[in-house]
1. If a residue must be modelled with pLDDT of 95 or more, part of a loop (DSSP other than H, G, I, E, B) and not polar (S, T, N, Q), how many such residues does the range 59-109 contain?
2. When the range 1-39 is examined, which residues are found to be of a type in the set (Gly, Ala, Ser), open to solvent by less than 30 Å² (accessible area, probe 1.4 Å) and in a loop (DSSP other than H, G, I, E, B)?
3. Between Phe110, Phe37, Phe68, Phe29, which is in contact with a helix residue (DSSP H, G or I) (Cβ under 8 Å, 6 or more places away or on another chain), hydrophobic (A, V, I, L, M, F, W, C) and touching a residue at least 12 places away in the same chain (Cβ under 8 Å)?
4. Checking Gln115 against (1) in a strand (DSSP E or B); (2) within 14 Å of Gly8 (Cα to Cα), only one condition comes out false. Which one?
5. Select from the range 88-119 the residues that are under 13 Å from Leu20 (Cβ atoms) and either in contact with an Asp or Glu (Cβ under 6 Å, 6 or more places away or on another chain) or surrounded by 13 or more Cβ atoms within 10 Å (Cβ to Cβ) (or both) and list them in ascending order.
Amino acid sequence: QVQLVESGGGLVQAGGSLRLSCAASGRTFSSYAMGWFRQAPGKEREFVAGISRSGLTISYADSVKGRFTISRDNAKNTVYLQMNSLKPEDTAVYYCASARTTGRGIPADFGSWGQGTQVTVSS
């Protein structure tokens, strides 16, 4: 039911930064854990980062830990992915996803997905 729209992708040099945003519809954003995923050409979609309803529980893929930061602003119905020290292997379509939950953690299954935003990192 929730609609998600990603923005902020683009072309950057290796070592550069981008901030992705995901805007969600409706008034129940705080009822959803949120996540970022990515899919590179010829590869399966992979988990990048997740954040709980409150923002107090956060998880990252090992490949981005220390470089990417996920955050959320429930008043703005928006989740962010700050990407620093970008590498060519970060090139992918990045997707925002939501998982409705009454819990305090990050569910394994995400039910709603955005259309994605392209991130290209040149060497």
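1. Counting residues in the range 59-109 that are modelled with pLDDT of 95 or more, part of a loop (DSSP other than H, G, I, E, B) and not polar (S, T, N, Q) gives 8.
2. Gly16 - this is the single residue of the range 1-39 that is of a type in the set (Gly, Ala, Ser), open to solvent by less than 30 Å² (accessible area, probe 1.4 Å) and in a loop (DSSP other than H, G, I, E, B).
3. Going through Phe110, Phe37, Phe68, Phe29 in turn, the sole match is Phe29.
4. (1)
5. Correct list: Asp90, Ala92, Val93, Tyr94, Tyr95, Cys96, Ala97, Gly114, Gly116, Thr117, Val119.
The values are calculated or read from the model by the stated rules, or taken from the named source; none is laboratory data. Because the structure is predicted, anything quoted here is derived from the model rather than measured. Backbone-built Cβ (ideal geometry, glycine too); neighbour counts: all protein chains shown. Surface areas here come from the heavy atoms of the whole protein model, side chains and all, with no ligands, DNA or RNA. Shrake-Rupley method; radii C 1.70, N 1.55, O 1.52, S 1.80 Å.
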